[in-house]
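Shown next, in structure tokens, is the structure this report addresses.
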Amino acid sequence: MFSSFLGLAPSCSACGADFGKADAGDGPAFFVMFLVGILVTPPVLLVQVLFDPPYWVHLIIWSPVILGLSVALLRPFKSLLFALQWKNHAEEAQWQSIGKHGE
């Protein structure tokens, strides 16, 4: 499905299906940022309340955690959004289709 870490292959290597119409865009990055923020914020606040470390300690501790979680979750979220688009035959809106349904 992937040709590089986050790049989708142009077609399926098993069945030859064209992946050209499916594009997750910025959706995976948004959902990953949202989830990582929710997962990291409580431990950051807990460490701050319990130990009151200086800000550079937070930077050293939480930067790798945030980066690692983000990189680890990007590919699964991209494949999930691609699979949902593929299953539901979702594609970009076009001016012609808007006019037909908007009447």
### Query
Tally time: how many residues in region 17-55 are touching a strand residue (DSSP E or B) at 6+ places or on another chain (Cβ under 7 Å) and either over 18 Å from F82 (Cβ atoms) or surrounded by 12 or more Cβ atoms within 10 Å (Cβ to Cβ) (or both)?
1
#### Entry: Cβ pairs under 6 Å, 6+ apart, first in region 19-37 and farther than 26 Å from S63 by Cα, second in a helix (DSSP H, G or I) and of a type in the set (S, T, N, Q)
A22/Q85
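Residues are listed down the side, and each one gets a yes or a no for (1) on the phi > 0 side of the Ramachandran plot; (2) in a helix (DSSP H, G or I); (3) surrounded by 14 or more Cβ atoms within 10 Å (Cβ to Cβ); (4) free of Cβ contacts under 8 Å to residues at least 60 places away in the same chain:
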{"position": "S4", "(1), (2), (3), (4)": "no, no, no, yes"}
{"position": "C15", "(1), (2), (3), (4)": "no, no, no, yes"}
{"position": "L67", "(1), (2), (3), (4)": "no, yes, no, yes"}
{"position": "E92", "(1), (2), (3), (4)": "no, no, no, no"}
#### Entry: Answer residue from region 55-102, given it is of a type in the set (S, T, Y) and at pLDDT 90 or above and is farthest from F19 (Cα to Cα) among those
Y55
### Message
Here is a check on your reading of the model: is S63 in a loop (DSSP other than H, G, I, E, B), of a type outside the set (D, E), farther than 20 Å from A90 by Cβ and under 22 Å from the mean Cα position of the chain (by Cα)?
### Response
no
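The values are calculated or read from the model by the stated rules, or taken from the named source; none is laboratory data. What you see is a predicted model; the values in this text were computed from it and never measured. All Cβ positions, even for glycine, are placed from backbone atoms using ideal geometry, and neighbour counts span all protein chains on display.
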